[in-house]
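Take a look at this one; I'll ask things after.
Only the coordinates and a few stated rules stand behind these numbers; no lab work does. The structure displayed is predicted, hence computed values, not measured ones. Neighbour counts run over all protein chains shown; Cβ positions are idealised from the backbone, glycine included.
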Amino acid sequence: MSIERVFVAGAGLMGHGIGQVHAAIGKQVTLYEPDLARAEAGRARIAGNLDRAVAKGKLDGDARDAILARIATTSDLDAVHDADLVVEAVFEDLAVKQSLWQELDVRAPSTAIFASNTSSISIDRLAAAVSADRDERFVGMHFFSPVPVMPLVELIRGSATTDETEAAIRELSEALGKKLIVSADRPGFIVNRILMPLLAEAMRTLEEGTGTADDIDTGAKVGLNHPMGPLELADFIGLDVCLNVMKVLHEGIGGEHFRPPKVLEDLVAAGNLGQKTGRGFHTYPRG
């Protein structure tokens, strides 16, 4: 099926980037937030990204203006009425996502593909929120942050997802310039199944006093040739997001290596969520 109109539910860290990359390949994009100011803030972040690309000579001014002209904002869920693809990019919480999908299900065209940007939650559990005849067009489409830069998309098939739906997402991902991998519907899928135990072990290494946060990150960057240290990466992802993904993995698979470390739980409880709050395992300048 042809995908020309994309409705992105959630205009935050992931959602605004998802909107940007679709608009950049000529799709008409609507950014939704229940608070219109937040949707407009997401569009403003896209404008800032494009301005930086122009300043670096990677984009000309006309192209910038054309991309922005293809991005609308709304606080009205009824604006999903003509969407070909609906991408949900809200907080990694099952109840929050299911509630939103229920509302979208009664408003979106019956032909629209529903794609969740979830990083860990079962696609079948999310699809349980929509009507039975929608299941075959429900899929996971997990982008990585920052979306305009990271070249990977993780496609997760639910038990009812059809080959036609997978083919449409494959074609779209190729148009976006993304490398696509396909995961079965298992806790954490592929990437977070591998990543989260690494981050958790780095946190336990810190917790046990084996090394400082700086030394642990330097060990990974220099000794393992990782571009970011594991604690720095956790701060970048968001410690609340890491905690939620680890909980999903531990509840779904078990094993101590998936259990969230106490130091992570304590930081999140204190509101220290990493880069977005200015403090996590490291501290960051605000603004």
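Taking 25 Å as R0, compute the FRET efficiency from the Cβ-Cβ separation of Glu40 and Phe91 and round it to 0.05.
Details: r = 19 Å, r/R0 = 0.78.
Approximately 0.80, to the nearest 0.05.
Expressed as a whole number of Å, what is the distance separating the alpha-carbon centroids of segment 59-137 and segment 228-256?
25 Å
Per 0.36 nm of contour for each residue apart, how much would the distance between Asp124 and Ile181 grow if the chain were fully extended, relative to their Cα-Cα spacing? Mind showing how you got there, number by number?
Details: separation 57, 0.36 × 57 = 20.52 nm, distance 1.86 nm.
The span from Asp124 to Ile181 would gain 18.7 nm if fully extended.
I've got another one for you. Could you tell me the relative contact order of the chain? Use alpha-carbon pairs under 8 Å, at least six residues apart, and round to a whole percent.
In percent, rounded to a whole number, it is 13.
On a C-alpha basis, how far is the centre of segment 141-171 from the centre of segment 262-277 in Å? Whole number, if you could?
30 Å
Enumerate by residue number the trypsin sites (Lys or Arg not before Pro) in segment 1-79 meeting two conditions: DSSP loop (anything except H, G, I, E, B), and at most 12 other Cβ atoms within 10 Å of the site's Cβ. All intermediate terms of the calculation are to be shown ahead of the outcome.
Numbers: sites: Arg5, Lys27, Arg38, Arg43, Arg45, Arg52, Lys56, Lys58, Arg64, Arg70; in loops: Lys27, Lys56, Lys58, Arg70.
Answer by residue number: Lys56, Lys58.
Residues of segment 7-27 with amide nitrogen under 11 Å from the 7 Å Cα-to-Cβ point of Asp60?
none
Using the number of other C-beta atoms within 10 angstrom as an exposure proxy, rank Leu206, Leu198, Leu31 with the fewest first. Mind showing how you got there, number by number?
Numbers: Leu206 21, Leu198 16, Leu31 31.
The order, fewest Cβ neighbours first, is Leu198, Leu206, Leu31.
Which one of Ser131, Ala55, His81 is farthest out on the positive end of the charge dipole of segment 1-131, using unit charges on Cβ (Lys, Arg +1; Asp, Glu -1) and the Cα centre as origin?
Checked the options; the winner is Ala55.
Report, in debye and to the nearest 20, how large the dipole of segment 35-144 comes out about its Cα centre when Lys and Arg carry +1 and Asp and Glu carry -1 on their Cβ.
On the way: 13 positive and 19 negative charges, 107 e Å.
Dipole about the Cα centre, nearest 20: 520 debye.
Would you tally the net charge around Thr277, using a Cβ to Cβ cut-off of less than 13 Å, leaving Thr277 out, and scoring K and R as +1, D and E as -1? Don't jump to the answer; show the numbers that get you there.
Numbers: positive: Lys276, Arg279, Arg286; negative: Asp235, Asp240.
Net charge in that neighbourhood comes out at +1.
Which value in nm describes the separation of the simple spin-label points at Glu256 and Val191, placed 7 Å from the Cα toward the beta carbon?
Roughly 3.0 nm, to one decimal.
Further question: Going toward the positive end of the dipole of the chain, with +1 on Lys and Arg Cβ and -1 on Asp and Glu Cβ, which of Pro227, Val29, Val245 do you reach last?
Pro227
Right, here's the next one. Where does the chain land at 222 nm, in deg cm²/dmol rounded to the nearest 500, when only DSSP H runs of n ≥ 4 count, each adding -39500 (n - 2.57), divided by all residues?
Numbers: 11 runs with 125 residues, N = 287.
-13500 deg cm²/dmol, from helical runs alone.
Sticking with this one: Based only on other Cβ atoms within 10 Å, what is the fewest-to-most ordering of Thr205, Thr161, Thr212, Thr111? The partial results should precede the final answer.
Working: Thr205 18, Thr161 23, Thr212 12, Thr111 9.
Arranged by neighbour count, lowest to highest, Thr205, Thr161, Thr212, Thr111 become Thr111, Thr212, Thr205, Thr161.
Would you please classify the overall shape of segment 116-199 from the alpha carbon gyration tensor, given that a ≥ b ≥ c denote the square roots of the eigenvalues, rounded means a/c under 1.5, and beyond that prolate means a/b larger than b/c while oblate covers the rest? Display every interim value, and only then the final one.
Values: a/c = 2.16, a/b = 1.22, b/c = 1.77.
It comes out oblate by the Cα gyration axes.
Only Lys, Arg, Asp and Glu count, each charged at its Cβ (+1, +1, -1, -1), so figure out the dipole size of the chain about its Cα centre, rounded to 20 debye. Don't skip to the answer; put the middle values down first.
Details: 29 positive and 41 negative charges, 125 e Å.
So the dipole magnitude of the chain works out to roughly 600 debye.
Just add up the charged neighbours of Gly177: K/R +1, D/E -1, any other residue whose Cβ is under 15 Å from the Cβ of Gly177. Walk me through the numbers before you get to the answer.
Numbers: positive: Lys27, Lys58, Arg170, Lys178, Lys179; negative: Glu171, Glu174.
Result for the neighbourhood of Gly177: +3.
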